[in-house]
Structures are given as structure tokens and as C-alpha cells.
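Structure first, commentary second.
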Amino acid sequence: MNDATRAGAVPVLMYHSIGGSDRLAVRPEAFAEQMAWLKEHGHTPLPFGERTRPAVRPVVITFDDGYADFHEHALPVLERYGFAATLFVTTGWLNDAGRHAAGAPPGRMLTWRQTAEVAAAGVEIGAHGHSHAQLDQLGEAALRDELRRSRGLLEERLGRPVHTMAYPYGYSSARVRREVRACGYTSACAVANAVMTGRDERFAVPRLTVRATTSLDGFEQALQGRGFRTDHLLTKGYAVVRRSRYAARRLRGVA
């Protein structure tokens, strides 16, 4: 990897739960070990919104959904090393979302107070949809509502602007990306399991998945965009399926 962001190659890591039990949940001990590795090897973590800022051995650390264990397990480690990070929050899943509750949270989620504490600690907060819907399958009105409601709630409750977002499940399309831009976001990230380069479109920034099974050797490989061959094959095949599915929904007048 080149040592400067201006060279264009920056690994953007994607985490979910830190301490949960599903296949994407990373154990707190493993997460701490990975962050220690980044520190030991001289990496400079940047917020997603500042991912192109020149830095020595840059890396971006992102978290999706808004699990409560981010506050309990991830934040203390990030603060210990002085690492920047970005948390993409699904607003309808927050534990005290109240009348704005939407969708079925996959686990124990943050409260609004905890989210505010995370933001106050210097973590960049981005949007992750309101109900974690598959955005590429929504009609225009529903898509616009998902994008605007999540950003609006975050800005209202946190008192700070929200410019970035991550697509739920990593799913997007040219139509979705156009709407994201129209809604006022300045950049968005998908998955793709590739290292970001200067050639990547800013509304489809690739990220690298860190899983429960990611060893420290696997983590080092992931930073180089290696070890994702199966993911790439599945992604290509499923993209065709999703385009066909949306076309069928349009014909039925559902989307």
C-alpha cells in the first residue's frame, strides 16, 4: 500500500457489531487486536468524509447499523489510540426511536443519548437509511423518504450536519445514487470488497468487510483488498438478480 492518500489507494474497513453473535460480529478482543495492529504499523485512520485527506498510511474505519456495543466496546479502543472513525446509523432502529421506530433491529441498538455521546467523542456520524430498506428495490417516493428522514433526524437530534451515508446491505443503483446526490449527501459507500482508489465514484466508495472469522493475518490481507474472491463472484451474480427483481416490481406497479 502507498503511504499517502493522494496516491489514491485507501482501505475503507466495514464493521458491524463488536461483541454480537452473528457472522459479521467481531469479538471485542479481536477488534482491539486489529486496532493495535494498525497503530503498530503506523496507519492513520481518517473519517469517511475526509478519506482523501493526505496522511501517512491512511485507513478509514466504518461501522454500520448503530449497535449498542459500539459505545461499550469499540469507542473505548478508538479513544485509547486516538483513532478517527465513522458510524453509519439506522435511525429507525435506535433503541428509543419512539414514534419513528421502523424495521426490525438485528440486536441491541444505541440510544439517541449514546449516539450523541459518540458524536461528541469525535466520531463522524453518517446515515444508513431509516428502516434499513433495500434502497434499490424502492419506488421514488419511498426512496426519497428513507434518505431524507434518516439524515433529517440525525441532524435534528445531534445538532450537526450529516453529509455521508452507507447503503443498507451495500445495495445501490444509478437511480439510487442520483437520489442520494439530490438529497444533499456529498458521498456514500457500498461494499464491493476492494480498496478505494482515486478512480472510484464518490457515491459508490468500496469498503472491505471485517467478519467474525477474520484472523489477524486475514485482516492484513483485507487491507490490501485480498481474500474476497468468493464475495466478488457472488456480488456480480446477485447484481443481475436485483436488477431483474426491480424491473419485475415496476411492471407489477409495486415500485
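The values are calculated or read from the model by the stated rules, or taken from the named source; none is laboratory data. Bear in mind that the values here come from a model prediction, so they are computed numbers and not experimental data. Counting neighbours? That spans all protein chains shown, and the Cβs are built from the backbone with ideal geometry, glycine included. Remember, those area values only see protein heavy atoms, side chains included, never the ligands or the DNA or RNA. Shrake-Rupley method; radii C 1.70, N 1.55, O 1.52, S 1.80 Å.
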Solvent-accessible area per residue, Å², over the range 24-84 with all protein chains present [probe radius 1.4 Å]: 39
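Quick one: work out Rg over Rh on the C-alpha atoms of the range 1-83, Rh as Kirkwood radius.
Over the Cα atoms of the range 1-83, Rg/Rh equals 0.98.
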Quick one: compute the contact order of the chain, relative version, from alpha carbon pairs under 8 angstrom and 6+ residues apart, as a percent. 20
With the radius of gyration and the Kirkwood radius both derived from the Cα set of the range 118-162, what is their ratio Rg to Rh? 1.05
With charges only on Cβ, +1 for K and R and -1 for D and E, what is the dipole size of the chain about its Cα centre, in debye, rounded to 20? 1160
Projected convex hull area of the range 127-209, Cα atoms, direction-averaged, in nm², equals 5.4
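Write down the accessible area per residue of the range 138-213 in Å², having rolled a 1.4 Å probe over the full set of protein chains. Write out the running numbers ahead of the final one.
Working: 3350 Å² over 76 residues.
On a per-residue basis, the range 138-213 sits at 44 Å².
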Signed unit charges on C-beta, dipole axis of the range 1-139, positive-most listed residue Pro47, Ala25, Gly98: Pro47
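Highest mean first, how do 95-102, 80-87, 166-173 rank when packing is the count of other Cβ atoms within 10 Å averaged over residues?
Values: 95-102: 14.0, 80-87: 18.8, 166-173: 20.9.
Listed from highest to lowest mean packing, they are 166-173, 80-87, 95-102.
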Computed on Cα atoms, Rg of the range 168-231 relative to 2.2 N^0.38 Å comes out at 1.26
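Compactness ratio of the range 101-239: Cα Rg over 2.2 N^0.38 Å, N = residue count?
Values: Rg = 16.0 Å, N = 139, 2.2 N^0.38 = 14.3 Å.
Rounded to two decimals, the normalised Rg is 1.11.
Quick one: Cα convex hull volume of the range 34-75, Å³ per residue?
Working: hull volume 3.0 nm³, N = 42.
Hull volume normalised by residue count: 71 Å³.
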Give the share of C-alpha pairs in each 10 angstrom bin for the range 54-171, from 0 to the last occupied bin, in whole percents, shortest bins first. 14, 47, 30, 8, 1
Kindly give the semi-axes, whole Å and largest first, of the ellipsoid equivalent to the chain, taking each as the square root of 5 times a Cα gyration tensor eigenvalue. 27, 22, 17
Could you list, bin by bin from short to long, the percent of Cα-Cα pairs of the range 49-96 in 10 Å steps? 22, 47, 27, 5
Pull up all non-local amide H partners of Ala127: gap of 5 or more, or a different chain, and H-to-H distance under 5 Å with H placed in the peptide plane. Val89, Thr164, Met165, Ala166
To the nearest Å, what is the center-to-center distance of the range 151-223 and the range 28-94, using C-alpha atoms only? 14
